[in-house]
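The values are calculated or read from the model by the stated rules, or taken from the named source; none is laboratory data. These numbers come from a predicted model, not from an experiment. Cβ atoms come from the backbone with ideal geometry, glycine included; neighbour counts cover every protein chain shown. Heads up: the accessible areas ignore ligands, DNA and RNA and are worked out on the full protein's heavy atoms, side chains in. Shrake-Rupley method; radii C 1.70, N 1.55, O 1.52, S 1.80 Å.
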Amino acid sequence: MRKTVIAGNWKMNMTPSAARAFVEELKPLVAGKNGCDIVLCVPYVDIATAAEAAKGSCLHIGAENVHYEASGAYTGEVSSSMLLEAGAEYVIVGHSERRQYFGETDKTVNKRTVAAVNAGLKAIVCVGENKEERE
């Protein structure tokens, strides 16, 4: 049986201090909600802070993207091991805006997904669609 996951993607919002405050405010509201994973997918700079603030709660922390290589000259990218060490348990790949603005393809989404899962992250794979396709 699959576990239900409710995930929120923060996009490019919230500083670490705002993330901590939000998690602290959210924790009592979701206390005891153990029938599903409640996941906050936060910007890279917020992962460690959010993970620390979420300790002892039913909240799980995820990242908003991951690179498919374990290391290398990929300026601005983040590897699975970096995410895991920062405290991420989940990662989202395949965002529609990543496809639209950064040229992500099904091939790169697949590579990111495989790398994340092989490293021990739980991948949330977005199919990605623009407004025209959705309508």
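Before moving on, here are some points about what is shown:
- The residues of the range 27-55 that are open to solvent by 30 Å² or more (accessible area, probe 1.4 Å), more than 16 Å from the chain's Cα centre (by Cα) and among the aliphatic types (A, V, I, L, M), listed by number, are L29, A31.
- Residues of the range 37-53 include at least one that is of a type in the set (D, E), in contact with a strand residue (DSSP E or B) (Cβ under 6 Å, 6 or more places away or on another chain) and touching a residue at least 24 places away in the same chain (Cβ under 8 Å).
- Where N13 falls short, out of the listed (1) in contact with a Gly (Cβ under 6 Å, 6 or more places away or on another chain); (2) part of a loop (DSSP other than H, G, I, E, B): (1)
- Selected residue (criterion: farthest from the chain's Cα centre (by Cα)) from residues of the range 60-74 that are hydrophobic (A, V, I, L, M, F, W, C) and open to solvent by 20 Å² or more (accessible area, probe 1.4 Å): A73
- Evaluation of V39 against (1) of a type in the set (V, I, T); (2) out of contact with any His (no Cβ under 6 Å at 6 or more places or on another chain); (3) farther than 28 Å from E132 by Cβ (one fails), failing number: (2)
- Inspection of the range 64-75 finds no residue satisfying the criterion of being modelled with pLDDT of 95 or more, under 17 Å from N118 (Cβ atoms), touching a helix residue (DSSP H, G or I) at 6+ places or on another chain (Cβ under 6 Å) and among the small types (G, A, S).
- Selection within the range 75-129 - open to solvent by less than 20 Å² (accessible area, probe 1.4 Å) and touching a residue at least 60 places away in the same chain (Cβ under 8 Å): Y90, I92, H95
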